[in-house]
1. Can you pull out the residues in the stretch 180-195 that are among the aliphatic types (A, V, I, L, M) and within 16 Å of the ligand (Cβ to nearest atom)?
2. Go through the stretch 149-179 and report how many residues are open to solvent by 70 Å² or more (accessible area, probe 1.4 Å) and either within 16 Å of the ligand (Cβ to nearest atom) or not basic (Lys, Arg) (or both).
3. Looking only at residues in the stretch 196-226 that are more than 9 Å from the ligand (Cβ to nearest atom) and part of a loop (DSSP other than H, G, I, E, B), which one is farthest from residue 143 (Cα to Cα)?
4. Looking at the stretch 24-44, can you tell me whether even one residue there is part of a strand (DSSP E or B), over 13 Å from the mean Cα position of the chain (by Cα) and modelled with pLDDT of 90 or more?
5. Name the one entry in 94, 100 that is of a type in the set (A, V, I, L, M, F, W, C), more than 16 Å from the ligand (Cβ to nearest atom) and in contact (Cβ under 8 Å) with a residue 12 or more places away in the chain.
6. Restricting to the stretch 250-266, count the residues that are farther than 11 Å from residue 124 by Cβ, in contact (Cβ under 8 Å) with a residue 24 or more places away in the chain and either crowded, with 22+ Cβ neighbours inside 10 Å or within 16 Å of the ligand (Cβ to nearest atom) (or both).
Amino acid sequence: MAHTYVEVQQAVAAIREKTARVPRVGIILGSGLGSLADELEDATVIPYEAIPGFPRSTVYGHRGELAIGLLGGTPVVVMRGRFHFYEGYDMHQVTLPVRVMHALGCTTLIATNAAGGLRADWPVGELMCITDHIFMPGLAGHNPLRGANDDRLGVRFPPMLNAYTPELRALAQRVARAQGVTLQEGVYIMVAGPSFETGAELRMCQRLGADVVGMSTAPEVIVAAHAGMQVLAISLVTNQALPDGTPANHEEVMEAGAAARPRFGGLLKGIVAAL
Ligand code: HPA
């Protein structure tokens, strides 16, 4: 879509007015994880309102700003708060920031999210490196690449096998081991939300082969892969999402995010330093 390209260029121009730093890695911080952005050195912080085309983040717990600075010496751009389909944005709006990250110079995307654990043997607080996804809204027609393709942004029919870059997954495991952090691996299933899943839906997710369930990430990963970016994505199990368990709520998701922050933050920093 030609207007997407123009939109991306306008956002990049607005950001370039505030900083000349060229980020190599784009990082999306999920629910309850936003404060990792405070750890950037020499950061330029730009509220989403100041970036043309960026919608406003409406969810409690997701502050809306872009921070560009250094993380362990590596130039990065961090999204503090992302846009979700359930907020009413279309997939084009949800994924625009990833295209902007790529246009700013990022060759790697690191996405994080809060997710419900579908496995009884994984406690709250478990970290999982995403090996693959099942994108329910995408399969049902809400793919962010739907519509005319602009070849400047990527090819019409991009492959998604190995969208979660195997080398980055191996690197993440090496860093986790060195830090003594357990990093599980598994499949993320994205649902549209915002209601949490019924018992039957959770059973369906389990039977489809998913290990965690969440309401984000898959659209951003598709757009990153479309742009030729390398992708790493890590879920934090903020609640168990089991058909016979207790109902999920947003507060426990935020609390689990806060509790995991030092461990998750240390892992992310270590990964960026090892890139
Ligand atoms: N379901 C869907 N999305 C989520 C959950 C969940 O249980 N927890 C955090 N995000």
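The values are calculated or read from the model by the stated rules, or taken from the named source; none is laboratory data. Just so it is clear, the model here is predicted, and its values are computed rather than measured. Quick reminder, even Gly has a Cβ in these numbers, built from the backbone with ideal geometry, and neighbours come from all protein chains shown. Ligands, DNA and RNA are stripped out before the accessible areas are found, and what is left, the full protein with its side chains, is counted by its heavy atoms. Shrake-Rupley method; radii C 1.70, N 1.55, O 1.52, S 1.80 Å.
1. Correct list: 187, 189, 190, 191, 192.
2. Result for the stretch 149-179: 9.
3. 198
4. Looking through the stretch 24-44, at least one residue is part of a strand (DSSP E or B), over 13 Å from the mean Cα position of the chain (by Cα) and modelled with pLDDT of 90 or more.
5. 100
6. Residues meeting the conditions: 5.
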